[in-house]
Every structure is written in structure tokens, then in C-alpha cells.
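The next block holds one structure in the form of C-alpha cells; read it before the comments.
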Amino acid sequence: MDPGAARAAVGIGRGEGGYVRRYLSVLALVAVLGLVAAACGGDDEGGTGATGATATGATGELQPGGTVELGMLGDVSASFDPQKEYYSVTWSWYRCCLLRTLLSYTGVTTAEGGTELQPDIASALPEISSDGLTYTFTLKSGINYGDPFGDVQVTSGDIVRALEREADPDASVGGYNFYYNVIDGFADFGEGKADSIAGLETPDDSTLVVTLTEPAGYLPYLFAMAATAPIPPLNDQPLGVAEGHTRDYGRFLVASGPYQFAGAENLDFSVPADDQKPVAGYEPGKSIQLVRNPNYDPATDGLRPAYPEGFNITIGGDNNDLYNKVQAGELDGVVDGIVPPPVLRTYSTDPTLQPRLHINPSDAVRYISFNMAIPPFDDVHVRKALNLALDKEGMRTFRGGESVGEIAGHIMVNALENNLLADYDPYATPNSAGDLTAAQEEMAQSAYDSDGDGVCDAPECSDILAVTDEADPYPDQAALIQQNYEPLGLTFDVKSFERTTMYSKCNEPEAHVAICLAPAWGKDFPDGYTFADPLFGSAAIFPSCCNYGLVGASPDLLSKAGYDITEVPSVDDQIKAANQQTGDARYQGWADLDTTLMEQVVPWVPYLFDNNVDVYSERIVNYSFDQFSGLAAWDQLAIAPEAQ
Amino acid sequence: MARAHVEDAPSDSGPDAPIDPEATSVEVSQQVVGRSPWELFWRRFRRDKFAIGGAFIVILIFAIALLAPVIAGFTHGPNEVHLDRLDSFGIPTGPQSGFPFGVDTAGRDLMVRVAYGARTSLFIAFFATGLASLIGVTLGMLAGFYRGKVDTLISRTIDVVLSLPVLLLSLGLVSACGLSPNGCLGGIIKPGLLLVSYVIALFTWPYLARIVRGQVLSLREKEFIESARSLGSTNRRIMFREVLPNVAAPIIVYTTLIIPNNILFEAALSFLGIGVPQETPSWGRQLADAGPVFTYAWWMMLFPGLFLFFTTLAFNLVGDGLRDALDPRTGG
């Protein structure tokens, strides 16, 4: 508060010398501005010239050793609880390092086979019965847990234990247990109607037989997810070491991979669960420390080179600061950061730095979604017109330019369709910059354009409720979107929210959000089902997630949520049909669904197939991209021998 | 116009009066020119260079705010995205021909947005402050004049409002009412510039109320009030015709001094993301947007920052000058 007014508030002000006060306010303002400037990243540009004598991208043998130092902006989403974590960052750490599953991936790109399932705990891919209802897995022997269960071997019963925990709605809250409803008896067990899962049988310790309620071509992928990683037994407790840890098993996680949390040997499971102390190597919100699992036998693996001795991850900090540290060589990389544009520019244009820049498709799509129950978006011509009018290249520029992704002409990422639609872009425009004329021609066919001049003149086109993300660069993108759509007669009332709030508003039919400007969607596992069902299946509408367009919504649901529109096109049948296929026919099924969606349903304007872009320090001489999680294969980061 | 009182007699009219040394004593007294209080005020104010300077800047900012659409008409609209002014990595370019202040991360003309930001700041300055003034003066007068229970009630209300955690409450109010598409209380409190103004007014009226109350408490004991009452004036008449004119000067001064605080308050709220809506240009939000890109887009912080600084400074200087000129006993 102004010092003079404060004094005056006490009584009739008799201030000290007015000139002194004036200078005080000048100084105060200067100080404030200075603080603002200093607080807002006055760091020096990180030195890009740390050209040591070490060879970058060195050929020759990669040597194990050294500890990788990483920064991480945000913590994992559920404290490493494998039945709850629905976050690709955590999944990347499970796959590479902490947990093995019946099947897994090799931590390489799609082209190198990174999306093909490989046996991990299983000794081979499962045998499938001819009716597609029974899958039989045979387990390897000699796979030991991490400390403090180093002398315990993984058995098929341990996998069942993980699935029983997955069926418990409390233990798997926030996770993806809906995928496993296809296992016979899974839902019943979760509701307490049975005391075991009927569709899971363990004739012996190295055999697991899974019986389904209906054929599901994606089932093997489900056994490559961390929720099915084995949980060691403890006494005769049904949930083994996880007993009593419904909320916080992640802090007592027993590893099965090449690494474990530091201090795992001090975990004491002999005392009651509430008295146990969590593992030292994970301090929520602060740090993660992984060390080698001394009981891990590489001969039983083949998917994980596991070069580093360990990982030190510091949680928190500012994105710009962390990348400055990477440039200065104080950090090896940032787990979940976004490379700031000037850093990207530096690494892209400097030939000595380019080897440290890694760009790979992350199998995620960015899009604008329509609520097809709110006018004018109930009219397919309007939706098509908006597909034609968007400057997708401009949207990409705001994210950092060409490196950050490929312009998306359709909905599902190409890898999930085996590239069948790689050149398919039904609303292509010159340079992907949007084509106003074509858009107006489409709009002219709409009922909301009564005079057919290509500009909407109905009141429904004014002040349309739009929701976007408040973080960069979404507000800038919102400005471009409005600029692109205004010549079509559409104006928007744009509200920005924090990301999770934004998603919930887009997902809530009763919020009557007409258009969602900032969503993105990545695959859960390398199959088109993880795009089709959660995004366009009618069962994925609130209270489930994430069908924001209300595709396939029933008249009942629509009227309960207060809509006048009584029906929205559905693709449920097509999803089901595609899901029952396997092999090439399955890819074709997803491609056909994509085509139907783009040409007939038009629930979205997809604009970008995302890339993962990252930079690493000079001493990292090997890098591999794990296509499954869309992040680095951390165990394949090899440190230059002289820097270990 | 206020009746002249002994205490408020202009003190410098005597020495300044030109004296004709050859005039008789009678003529001398006739040549002493009495100046009205406003003339005296203006002379004192005029002599204060800082205050005049501040006033010029205020007028200039006003002009910029008024002319913002004209400026936009000659250059670019405030929301026009110019992708060609971003490089291929999306990095904005700085001051250049056609864009004297450069562009922001969305490729919009920063000069035009800064000009529109002046509108936001001045609207807040006058509307929010005016509202605070209205409430504060009214309640302060009532409290000081009636005393007793009325005073107790109002004074305790002042205490409570002054104790409220300002930022936390603003956050809560703007979040609750600002983010839901329909606002609060069935749409009465809608998100936007008005909501922010109400919030700012809510937290600043107590300062004025206290000042006015203090003034009124001392004034009501004066003889002219007694004589007005003995002549049969009602309370309301006394308040409006006797008391109010005599507190006008402090009201003007402290209202002017609260303006820069309110401008900074709105800037702070917008900086924190709970101020005016995204599309409304605001210097505070422009500063917030400039933070993460400061190292490679310094112009985004420099220009809004300078404008905010000089506007706030100017109002402070004018307010100080007003106070010194209206009541020289409190000046330096």
C-alpha cells in the first residue's frame, strides 16, 4: 500500500517531505520491475561451446558405467503405484528399468521394431486358441526380484496377484483397469462377487492361462503394461507385499527389472504395512534415485542393455533453467521438458550440436474437438469448413516449427495403421496453411449460412463457448484459430484453464462446451484400439473418458445433459468389428474407421502428429527412442567412458 | 464552493501582493488582491514541476488509450496474428519497421497491444477507484457524522476488510466467478474487467473511508456546523452542504493516490492469471507472458513494463502535487 496513504489512514496525514516520498515511490517501482525481471529467468544463455575432447556419438564399444543425471519438471502421477500410474513418463521408467512384464518392448523406434511385442518374463509369445478366447503364457525361470526379495523368483501366481490388485477399484483408481474387463471374471472379482478371477488360471508356477469373455486382438498388449508386473508373495497375504498398501504401494515397490530404487534393501516387510518405512530412493516431489538390481540376470532378458550404473533424477525447477543446465553440461537431460525454441534453434543449426538433438514421432495427435450436440457444430458442413480453414502450419510454428511434428491429415497416428493412410489428408490445403475459399464453399452448404455466401449468419455462430489450456503456446494458438475462423462468421468466447481442469470441462456434457481447442491424445499401447474406443466409443462419454464429441451419444444421455439435439452419429459397430480382426485386416479396420471419421462423422480438426524432441548432454554417447512410451529408452543412454 | 475559514485562509496572498510603495495605506490595502482558493491551489500546483510532468504523462496515456483504435487502424489490429514475424522456430522478432515495439509470441503487434493495455489500466484506475471512492466516502461520512452505533458498525467493517488476505480472496473470487462460463450469482458477477474492478474496489474503499471519517469527526465539532444546526438544517443538508465540501480536498488527493495502487493491483492479478480475461490486453498479463521468454524476446517485457512504470509514477506525482497544493501544511 502506498506509504503516504497508509499514514494518512491513521489520521489527518502530515507526511514527511513530499520529495522524499516521490523518490521512494520511484525507487519502489524500479525495484519491483527489477525483481520481476530477475525472477523471470535472467539466466545467461547456457554455453553451447562445451566442446570437450570427447567424441560425440562415438563409435566403438559402449561401456556400461556412470550415473545419468536428469531433471524432471513434474513428479510421476501416482507415486509409482503400477496399478494407478496412467502416465507415459512413469511407464518409460517401468519398461526400461524397474518392472518386467510377461511381454515387453525393445526400446527402439517403430521402424526398428519398437512396437513389436517381445517375450520378457514369458519365454515366448502366448499360444492363442482357435476361438481367440484363450491365451496361454509360459514363463521363464530364474527371474529374481529386486531387494529385499532377491532370492525369490517370479511365478505365474505373482502375475495373477497384480491383476487382482488391478481389479480393485481403490487400488487402481486413476488407472486403466477398464481394459482388463475383457478377462473373464475380472469385473466380478473387482466388485467382490467372486474371490478369484475366473479367467486366470495357474496350472503351475510357470504357466498362466487367460480366458476372455470375447475375442480381443489387443490382449497381448495388455500384458506388456506395468499394471500386470508381478507382485512378490508375502506370507499368505492375498496381495503379497502390496497388502495394506492400497494407497501407496509405489513407495514400497519391489522391482523386477535391471534397476531398483536406492535403499530397497532396507525395506522391511516383516512389520505391519502401516509401520513400514517407504523406500529412500524415491522422495515424492523431490528426487528419484535408481541403482542396479543386484539380483537381475541379464541372461534372462535381451531387451535391456542397461548401460548406466544408476540414475539421479531431481524433480522440480523451471523448464528454461533445466535446459540451460543441459547445455552447460550440468545435467544429462530433462525427462519431461519441452525444448525452448531458442535452444531448439541452437541445436538444430549447429552441426556440432545436432547429434545431441533427437526427434522422433511420439504417436500422439493434437486436435480441436467439436461438441456435435451444440449448434453450429451439429452441422457436418460447418465441421468440414473448419477443417479446411485452419492454418495447421501456423499451429505448428507456435509449438516450435517443423521439428515438433508432422501436419496431421487424419486422426490416428500412422504407426497404428501400419502407414496405410500416410498420404491421406481429405482436407489438405496448400502448404497446410488453410484455404478460406474452400472453407467458405463448404460453409455455404450449411443450414447456418442462409444466404450461401460462405459466412455463417445464424446467431449460433456468435460467442461460441470455447475452452483452451492456459499454458504456452495454447493461448497463442487460440488467437490464430479465432483469426482463421472469423471470416467464416464464427466468433468465440474463449476460456482458459489449467490443463486437468480443461480436460474435465471438455469431458463434461453438462458444461456445454462447444469446442475444445487444446486437447491431445497419445496411444496407451501400439494398437488402434487405444485411439478408437476411448475417443469415439459411446461408452467413453462422461462419467467415463474421453469422448468429448459425444460420438454415439444416446438420446437419453443428450436430453439428460440438457441438449436439444437428439442424436449424434455413432461408430460403435465399426470399432467392434475392427477390434475383432487381427494382423493386416486389423490395420485395415482402423484405417477404415479413420476414413469414416474424417469424411462422415468429422468430430475433430486434427492438426499435428506430435514429435518427441529432446537434447542431451555431450557425455551421452548412445540414445534410443522407446516407441512404446514415446520417451527415451533410459537404460540405453550410455555415458562416454572418459566421463563415467 | 467551500466557505472560507480562518484555518484555510490562503497564507501567501499577503506577501505576494504587489505593493505600490507610493500608495497610501488605504490604497495599499485596496491593492491587496484576494485570490480564490482554486487560484491559490493552481498557483501552488503549477510551481511543482514534478506534478506538472506527471500530469502531462497522465494526459498522454489518456490520449494513447483513447486513440488506441486509431493507432490500430493505421498499423495492425491488437489481435492480428502475423506468422511471418515469427521465425521458423516460432521465435518472435523484435522492434522493426512496421512493428516499433516488435511482436509477441503470437505474432501480434506489441505497440498496439500496449496501447490497448492503457485502456484496461485507465478503466480500472477510474472505474474501480471511483467505485471505491463512492463507497468509502459515503461510509466514511456516515461513520464520522453519526458516530455511535453507525460508526462502530462501519469501523469494524473497515477493520475486517483490511484484515482480509487480499490475494487469496481475489484468487478465490475470480476463480469461482471468473472461470465458469456463466459467472456467479446467476450471472450477476460475470467474468471480465467488471469483476476485477469490483474486487479491487472491495479492497480499497476502507482506506478512503478511514480518511474521510477522520476528517468528518474533527469537522463536525466546528462552530459552523453548530450554527447550521441551530438554523434548522437537517443532518443530510449539513452533511452535503457543510461537511462534504470541506473534505473534498483530501478525497481528491487520496483518490488520486489510490489510482496507481489499483493499476498495480490489476497488473498483479493479471500477472497471476486471475485478472482480466485472456483476450483483454493488460500490461500485467503482458509482463507475465514476457517472463518465460525474457532472454530472447526482451521487448515483450520492456515496453509494457515501461508504460506501467511511467503511468504509475505519473499518478503518484500528480497525487503528491495535489496534496501539496491543496493543503500546504502537509507538504514539504
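Within the stretch A:509-644, the proportion of C-alpha pairs whose separation exceeds 23 Å stands at 49%.
How many nm is it between the label spots at A:GLN580 and B:LEU231, if each spot is 7 Å from the Cα in line with the beta carbon? That separation, rounded to one decimal, is 10.0 nm. Residues of the stretch B:104-141 with the amide nitrogen closer than 20 Å to a label point 7 Å from the Cα of B:LEU153, along Cα-to-Cβ, please. Answer for the stretch B:104-141: B:134-141.
On average over all directions, what projected area in square nanometres does the stretch A:297-378 have, based on the convex hull of its Cα atoms?
Its Cα hull, projected and averaged over all orientations, spans 10.9 nm².
The separation of the stretch B:47-104 from the stretch A:348-410, counted between C-alpha centres, amounts to 31 Å. Over 23 Å between C-alpha atoms is what I'm after, so list which of A:LYS84/A:LYS286; A:LYS84/A:LYS277; A:LYS523/A:LYS560 land there. As for pairs spanning more than 23 Å Cα to Cα, those are A:LYS523/A:LYS560. Think of the stretch A:503-644 as having a plus end and a minus end, set by charges on the Cβ of Lys, Arg, Asp and Glu; of A:THR582, A:GLY630, A:CYS546, A:CYS546 sits farthest toward the positive end of this dipole. One quarter of the surface of the convex hull around the alpha-carbon atoms of the protein assembly as shown equals 51.7 nm², the direction-averaged projected area.
Using the Kirkwood formula over every pair of different C-alpha atoms, what hydrodynamic radius in Å results for the stretch A:191-343?
Answer for the stretch A:191-343: a Kirkwood hydrodynamic radius of 19.1 Å.
Over all other residues within a Cβ to Cβ distance under 11 Å of B:VAL253, the charged ones net out to -2, with Lys and Arg as +1 and Asp and Glu as -1. Among B:PHE310, B:ALA325, B:PRO281, whose Cα projects farthest towards the positive end of the dipole of the stretch B:204-331, with charges put on the beta-carbon of Lys, Arg (+1) and Asp, Glu (-1)? The listed residue farthest towards the positive side: B:ALA325.
Spacing of the modelled spin labels on A:ASP572 and B:PHE240, each 7 Å from Cα toward Cβ, amounts to 7.0 nm. Each principal axis of the Cα cloud of the stretch B:24-145 was taken in turn, and the coordinate range along them, longest first, works out to 85, 44, 22 Å. Evaluate the Debye formula for the stretch B:189-332 with equal point scatterers sitting on the alpha carbons, no solvent, and hand back log10 of I(q)/I(0) at q = 0.09, 0.11, 0.13, 0.17 Å⁻¹, in q order, two decimals. Log10 of I(q)/I(0), two decimals: -0.44, -0.59, -0.74, -0.99. Per residue of B:248-257, other chain Cβ atoms within 10 Å of the residue Cβ number 2 on average.
Let me make sure I get this right: for the stretch A:488-573, a, b and c are the square roots of the gyration tensor eigenvalues over alpha carbons, sorted descending. Under 1.5 in a/c it's rounded, otherwise prolate if a/b > b/c, else oblate. Which is it? Note, shape of the stretch A:488-573 comes out oblate. Please enumerate, by chain and number, the aspartates and glutamates with C-alpha under 17 Å from the C-alpha of A:LYS325, excluding those fewer than 8 residues away in the same chain. Candidates past the 8-residue exclusion: A:ASP43, A:ASP44, A:GLU45, A:GLU69, A:ASP336, A:ASP614, A:GLU618.
How large is log10 of I(q)/I(0) for the stretch A:365-447 at q = 0.13, 0.14, 0.16, 0.17 Å⁻¹ when the intensity is taken from the Debye formula with one equal scatterer per alpha-carbon? Log10 I(q)/I(0), no solvent term: -0.46, -0.53, -0.69, -0.77. Please compute one quarter of the surface area of the Cα convex hull for the stretch A:117-242 and express it in square nanometres. Orientation-averaged projected area of the Cα hull: 7.7 nm².
What the Cβ-Cβ distance of A:ALA520 and A:THR349 gives, at R0 = 30 Å and to the nearest 0.05, is a FRET efficiency of 0.65. Here's the picture: charge each Lys and Arg Cβ at +1 and each Asp and Glu Cβ at -1 in the protein assembly as shown, and of A:MET598, B:PRO78, B:LEU208 the one pushed furthest to the positive end of that dipole is B:LEU208. Subtracting the Cα-Cα distance of A:GLN445 and A:ASN235 from 0.36 nm times their residue separation leaves 68.6 nm of extension gain. Averaged over peptide B:82-88, the number of partner chain Cβ atoms lying within 10 Å of each residue's Cβ comes to 4.
Rounded to two decimal places and with Rh computed the Kirkwood way over Cα pairs, what is Rg over Rh for the stretch A:361-408?
1.06
Rounded to the nearest Å, what's the spacing between the alpha carbon centres of the stretch A:460-536 and the stretch A:131-147? Just the number, please. Taking the Cα centre of the stretch A:131-147 as reference, the centre of the stretch A:460-536 is 42 Å away. Computed over every Cα-Cα pair of the stretch A:563-638 and binned at 5 Å starting from 0, the pair-distance distribution P(r) comes out as 3, 11, 14, 12, 12, 12, 10, 10, 7, 4, 2, 1, 0 percent. Assuming charge only on the beta carbon of Lys and Arg (+1) and of Asp and Glu (-1), the dipole of chain A about its Cα centre is about 1720 debye to the nearest 20. Compared with the rule-of-thumb size 2.2 N^0.38 Å for a compact globular protein, the stretch A:323-473 has a Cα radius of gyration ratio of 1.33.
Throughout, read-outs are computed from the coordinates displayed, never taken from laboratory work. If you're wondering where the values come from, they're calculated on a predicted model, not measured in any experiment. Here the Cβ is made from the backbone with ideal geometry for all residues, glycine too, and neighbour counts use every protein chain on show.
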